[in-house]
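Accompanying notes for the structure given below.
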């Protein structure tokens, strides 16, 4: 009986994590593009992803997932023109992709092309009126690039009705109040 208990204890210790905790695991490079706000400390190695997706596309040029992922990797590494090129390829296959249109709009904005950004966000919203990211970014372009505060207010108020707990809800409410105050002052 004692040997069974010892064997059971060893078995449990092994499977419950008896390991050296000082050993650091390497950071895994994602195989799919990470498309979220970046943290400087955790920025993935996008250039490795770019090469990986290029290799996939060299073997299978019509791989839509790889085209979009390559576009996202270019986007996340700040290579706006390359991202737009990949997003255009993706939209040639699937013109109804609102996420791709929205990301392409943001790439245009980051290139100083607010007119094209607005067109892409509006296209996304035409296809999917409740697309939260397209609506938020459309408001950003109107507010900060075009300086059309009335349109920004309208767009963000619509968004806050759709998504009152949006991650940027407080910032939008603050900006709306500030813009309304500035517009009221201009009217006087």
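How much length is gained if the chain between residue 157 and residue 56 is pulled fully straight, taking 0.36 nm per residue apart and subtracting their Cα-Cα distance, in nm to one decimal?
Numbers: separation 101, 0.36 × 101 = 36.36 nm, distance 4.27 nm.
Full extension of this stretch gives 32.1 nm more.
Spin-label model, residue 47 to residue 64: label points 7 Å out along the Cα-to-beta-carbon direction sit 3.3 nm apart. Its residue count N sets the reference 2.2 N^0.38 Å, and the alpha-carbon radius of gyration of segment 103-172 equals 1.00 times that reference.
Compared with the direct C-alpha span, the chain from residue 119 to residue 174 gains 17.2 nm at full extension, assuming 0.36 nm per residue.
For segment 44-90, the Kirkwood estimate of hydrodynamic radius, built from reciprocal distances between every pair of different alpha carbons, is 10.1 Å.
Once you reduce segment 108-122 and segment 166-188 to the center of their Cα atoms, the two points are 22 Å from each other. When you work out D = kT/(6 pi eta Rh) for segment 41-188 at 10 °C and 1.306 mPa s, using the Kirkwood radius from C-alpha pairs as Rh and the Stokes-Einstein form, the result is 97 µm²/s. The alpha carbon convex hull volume per residue for segment 58-136 rounds to 79 Å³. If I model a spin label at residue 127 and residue 93 as a point 7 Å from the Cα along the Cα→Cβ vector, what separation in nanometres do I get? Calculated label separation equals 1.4 nm.
Listing 159, 138, 125 from fewest to most neighbouring C-beta atoms within 10 Å gives 125, 159, 138.
No lab work stands behind these numbers, since they all come straight from the coordinates. Since the structure is predicted, the reported quantities are computational estimates derived from the model, not experimental observations. With ideal geometry, Cβ positions are generated from the backbone for all residues, glycine too; neighbour counts draw on all protein chains shown.
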